[in-house]
1. Gain in length, A:Val121 to A:Lys452, computed as 0.36 nm per residue apart minus the alpha-carbon separation, to one decimal in nm?
2. By how many degrees, between 0 and 90 and to the nearest 10, does the Cα long axis of helix A:381-390 differ from the longest principal axis of chain A?
3. May I have the convex hull volume per residue, in Å³, for the Cα set of region A:512-570?
4. What relative contact order, as a whole-number percentage, does region A:448-601 give when Cα pairs under 8 Å and 6 or more residues apart are counted?
5. Lysine pairs in region A:286-338 8 or more apart or on different chains: how many have alpha carbons under 19 angstrom apart?
6. Magnitude of the Cβ-charge dipole of region A:1-156, K/R +1 and D/E -1, about the Cα centre, nearest 20 debye?
7. In whole Hz, what ³J(HN,Hα) sequence does region A:662-677 give by Karplus (6.51, -1.76, 1.60; θ = phi - 60°), x for Gly and Pro?
8. Under a point spin-label approximation (7 Å from Cα along Cα-to-Cβ), what is the A:Lys547-A:Glu347 distance to one decimal in nm?
Amino acid sequence: MKEISKRYNPQEVEPKWREFWEKEKIYKFNPKAKGNVFSVDTPPPNISGRMHIGHAYSYSHEDFIARFFRMRGFNVFYPFGTDDNGLPSERFVEKKANVRANRMDRNEFIKLCIKTIQEIVPEFSKDWKNLGMSCDFSKTYSTIDDHSRKISQKYFIDLFEKGHAYRQEAPVVWCPHCQTAIAQAELEDKEVETLFNDIIFKLEDKKDLIIATTRPELLSSCVAVFVHPNDKRYKKLIGKYAQVPIFGNKVEILADKKVDPEKGTGAVMCCTFGDKTDVEWFKEYKLPLVISLEKYGKMTKQAKKYAGLSIKEARQNIINDLEKKKLLIGQKKISHSVNIHERCKNEVEILNSLQWYIKILDKKKKFIDLGKKIKWHPPFMRARYENWINNLGWDWAISRQRFFGVPFPIWYCEKCGEVKMAEEKDLPVDPLTDKPKGKCAKCGNSKFTPEKDVMDTWATSSLSPQLALRLFFDEKTSQRMTPMNLRPQAHDIISTWLFYTVVRSYYHFDKIPWKNVMISGHVLDPQGKKMSKSLGNAVVPQEILEKYGSDALRFWSAGSSLGQDINYSEEEIKMGQRTTTKLWNAARFIGMNVKKAELLKSTDTIEPADAWIIDELNKTIAKTTKAFENYAYAKAKEEIDGFFWSKFADYYVEFVKYRFFGEDVKSKKVGEKTIATVFFNIVKLYAPIMPFVTEEIFQTYFKHFEKLKSIHISKWPEEIKLKKSPDISDFASAIKAVDEIRKHKTKNGLSLGAEIDSIKLKTKVNLKKYGEFLKNVGRAKHLK
RNA sequence: GGGCGCGUAGCUCAGUUGGUUAGAGCAUCUGUCUUACAAACAGAGGGUCAGAGGUUCGAGUCCUCUCGCGCCCACCA
């Protein structure tokens, strides 16, 4: 047998096989290969940061499944792409190059973005390769490349033509810091301290009406005052008018059930727009639109003497002025939560502006129904999807007043404003530099204004099945391959990526995008807190990979069931490392004792111990296979671990030793075959979780079993059937007897290898059948 | 306030449709260098299954309520 290293060294072994897999194209997708296709809609990681531990965790999960199905004989379509447009990428480039997009030339900035991305993507993708991902990296997409822009624009045109996309001037969630509209899904909450101000509005009879507000700076946008219809204090005021302090205009006092009489003074001003309720009232009561806030977050002329001030400055100045006029009669410190933009963490406003939308509100029920057609792993994650849809309050705003994104393929007629779409054969287009063909369909004019906005990054990534499929297939085949088999992702983007992909798939193809979704949890620190750079409790996967290797990291990832958050535990990673060591040692043991490994033949005559381990193996194969088929990789790992450590290593290896060192050639031979067969299967069972050590063992010891380049394209284990097999119904008693002998030795401080003269067994065991076996395994001369 | 998940040994978790004395790993303690492995092995101790009530011959598992933790959403006047 080959001379091999005594210790397993992942730092040496892992790069070797990684290069080998790439060179030999082990994971290359072959459209003509046999077997049913199993397709994965791989999440394109966002390039705005390196792979973090949460990525390592959830990408491991999908790779387990992809590897399992590959070995199960499926033709696995497992593509890779990167998400590299939109605000996150802009912010990343701004930070890296120390520039601000809105202070530089648009084209220069876009060029800088593209250059930066080209520089970093190869290094960025390396982390995913180092993790051992079995994607086909030979063709990849980026959500900003020509390929993706073309698809994104094509399907936008499709939406428009089908009437699912519309442009409208309406209140929209606006980020004054990023100076763009954003979607509801991009909001986060933040708890802030603020002042609740009681302000006097004068009534027509000169009496006071006190309203409470946290946003006095919006007084100039006040268009009504609302009270609860049953509020006795205000009932008689309904329909009358109140005068807005400082600005002097009169607004009607209206009644609406949304007013909470308990809150503040029970009278509330409605401004266009302070919050979502204002928008609802604005629409419902057809209130006038009075804009006091412009897109940079500064006060407009409407705010008169406060024009040009920031929100905070205006608030302070108005409070001061109200105080001077004795119109501010109370102030209370409160803490409330406000919506912030997830990308920049700044408070958002609601602004009236012209934006493109994709209709979603009118199809809520449909999207919920589609969700029911998808198989969710774990099932309870569907509730989050439905919960999100039920709470949706806005259509999907997809235009962004930004620079680095997929442009809308649109011009507007200068004369009549009619939309002019690009033609499909010209895609991708940039309306800022490309000219539309032909004349305005409506008025015949031939001068056009380009659309400057770009699309929300999700508007492109929600087409990820198409982005991936079209790398390898024509349009017809791509559509035939939808729905894909699996969408793997983490739970934080159910309301964005997952939901939007369902929306797009429905509008374009009237189909669900995938048959299964697999939702991973998050990684928490050992105390159960969220890991984040800012808290300083984040672990860096690159360091773990370097120190312990990918197999060990993946082993840890496999440790919690699907959808569960996991606490980071270095101990568990060490356990993975120990498993690789244990596997390596077991392989070495076989290498030392078995000259040339052979597999059992169905006609071989085996001994009871062999039959027992084969039986246990068969049970393990059945359970592991079922678990993996249900995406329950944690259960699969548990089964394999249990069999390998507690059945194979702890017992079977000890059962077979005496035969290896003894004289009975026939018994020795069948023992050799059994141990090789069983261990070979163990290595295969572990292959999806720990691809490197299993490849090393396969290549070193078992390559001659199957004429294949890699274990990862070998056949998944199946039940081993032997024509004649001894009865092992009483083998448990033999194991019990072995335990008893071990206990006896431990109690007496003897080493397990020590020979003992005789032992009286309490265990009832058939000594005729197992006497010799027990004497040999237990190294006892006599048994009673 | 709504939705979802979780609460089992010191720690991390497993417990399939309710069915003997509740399991594993880590940690602890005691032994053992035994021809794969001391990064190992053998053995031992350790649990009112968050709490209360209910259904049942029988509940960690089903139902109701309470408490605690986490996530998502709403609340923003």
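Only the coordinates and a few stated rules stand behind these numbers; no lab work does. Just so it is clear, the structure is predicted and the values come from calculations on it, not from any experiment. Methodologically, a virtual Cβ is constructed for each residue, glycine included, from the backbone with ideal geometry; neighbour enumeration extends over all protein chains shown.
1. Full-extension gain reported as 116.5 nm.
2. 10 degrees
3. 122 Å³
4. Normalised by residue count, the contact order of region A:448-601 is 19 percent.
5. So the count of such lysine pairs works out to 15.
6. 280 debye
7. Rounded to whole hertz, the list is x, 9, 6, 4, 5, 5, 4, 4, 6, x, 4, 5, 5, 5, 5, 5.
8. Taking the simple label geometry, A:Lys547 and A:Glu347 are separated by 4.2 nm.
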